[in-house]
Every structure is written in structure tokens, then in C-alpha cells.
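The values are calculated or read from the model by the stated rules, or taken from the named source; none is laboratory data. Predicted, not measured: the structure shown is a model, and the values here were computed from it. Glycine gets a Cβ as well: all are built from the backbone with ideal geometry, and neighbour counts include every protein chain shown.
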Amino acid sequence: MQWQQEWRLFKLAVVFLTRVPIRLEPAPSSDELNEVSGYFALVGLFVGSFSAMLGYVASGGVSPMFGAVVALAASILLTGAFHEDGLADVFDGFGGGWSREQKLEIMKDSRLGTYGSCALILLLMAKFSLLTMLFNDFAVTLAAFILAHSLSRAFAVSLIGALNYVQADELSKVKPVAKYLSSAASTRLTLTTIAVLIFCWPWLALSLFDLLMLCTCLFVLRLVCIKWFNAQLGGYTGDCLGAAQQLAELVILLFIVGHL
């Protein structure tokens, strides 16, 4: 049945982006791997909700600063630092490599270098400072986290359709979900992202102009990422998508905090 296949694709998306122990029988096919990215925004809703609830409780019990730490830790533990690892690898590779081959070689190395460490520390500090301002109201906290985690994952997936995949699977630490974005996956991603926006909109009190400005900011960031990844590699890798997600999440949080 169609709904069973959709449910299976959603579970596969959860398996790929998180550490939630879900068994899938039979093993995913290559066709399913090219469809699963359509549900990444919904996985972001799950991760955002989990992080928001734990952070809000910790904030009320101790302080907003402690709540921000708990929220960050919750998302990192739930995802296995999946996207953060991509960000660190991108900055290590782009900062330390001269040729395309050198950059790819550095990015597949499991060791963390100076560029990656600095980028990761600065990113976490920036997100921490923004999250401390989001724990005054639970509805706002929940909507902010959901929007940031969902929309940033949809943003990263959108790059698949705009760039070529350049890294050979055998060189990659983490294989990409898909090497192209199918029309069905694009439709799922669009519909789920719109649903998340509709849900979060009233709680964050965003006007149509605010929404337009947020989309404009993300559009500019998308152009920057496309130009950056093309200039460095001639396309994208799985690590590039992780870096894009983290940068988009930061931009969304900055926008939300600026409009509270």
C-alpha cells in the first residue's frame, strides 16, 4: 500500500539522519535512497521538538544558559553530530587543501584539524548565544526549534538539485542519500516544509514580510553555498550538505531571535 511505502521512507530518513535504532526489512533499495530526502524536513521536526522540550525544561529548572547547552547536546546526541561533522570536514578540506583531490582526501579523514575545530567551536558558540534567548515561552521555543531544524534540512536537500555529486562513494566516510533529487522527493519536501511553516508561523508571529525576508536570506545563502562548493570542488559531497544545514540553521535562528 502507498501509505506503508511512505511510512517506510520516513523511517529510512530517521535512520539516516539520527541514531534512533530502527530496523528496516528488507534492506533499502537504491530507488528508495533517491526518494528518502523528501522526508528530511519531518526528521528536522522530530529533532527540533526533542531538543526544544529538553532545553525548555532545563532552562526552567536551572537557567536559560543551561537550557541552551542541554538543547545543543540533545540534538547532537540524537543525530550523532552528523551535520556538525560535515561542517568541520568542509572547513578542514577547503582550508587545508590546494587541489580538489587534496580537499577530498582531507574531508574523508576522520581526524579533526585546526580549521574544522575553529569553525565548529564558533558555530556552537553562536548557536548557544542565540538559544539562550528562546526559552521565555514554550510555544515560541518549540516553533523556533522546529522551524530551524526542519527548514535547514530542506535547505540542504535543495542543493542536491543544483549541484553535481563529485565524491566517489568509496572515498566518502558518509555516503550521500541521493545523487539526484527526484520529482517525487521534491514534492514531498516542498509539502512537508510548507506544513512546518504553516504550523510555526502563528507561534512566532511572523508577518508575510518577515517570511519573505527569511526566504530571501536563505536564497542568498543558497547562492553563496552553490558558488562556494562549485569553486572548491565543482559540486557537492555529503559533508557539504551537512555544512549547508548547519549554516542555514544558524541563519534561521538569528532571524527568529532578531524578530522576537
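Considering segment 182-210, and only residues there that are surrounded by 12 or more Cβ atoms within 10 Å (Cβ to Cβ) and not in a helix (DSSP H, G or I), the residue that is modelled with the lowest pLDDT turns out to be S182.
On the basis of being over 18 Å from S150 (Cα atoms), in contact with a helix residue (DSSP H, G or I) (Cβ under 8 Å, 6 or more places away or on another chain) and small (G, A, S), does G242 make the cut? Judged against the criteria, G242 is not a match.
The single condition from (1) closer than 29 Å to I194 by Cβ; (2) surrounded by 14 or more Cβ atoms within 10 Å (Cβ to Cβ); (3) charged (D, E, K, R) that D31 fails is (2).
Regarding segment 58-66, can at least one residue be identified that is surrounded by fewer than 23 Cβ atoms within 10 Å (Cβ to Cβ) and either of a type in the set (F, W, Y) or within 24 Å of L197 (Cα to Cα) (or both)?
Yes, the conditions are met somewhere in segment 58-66.
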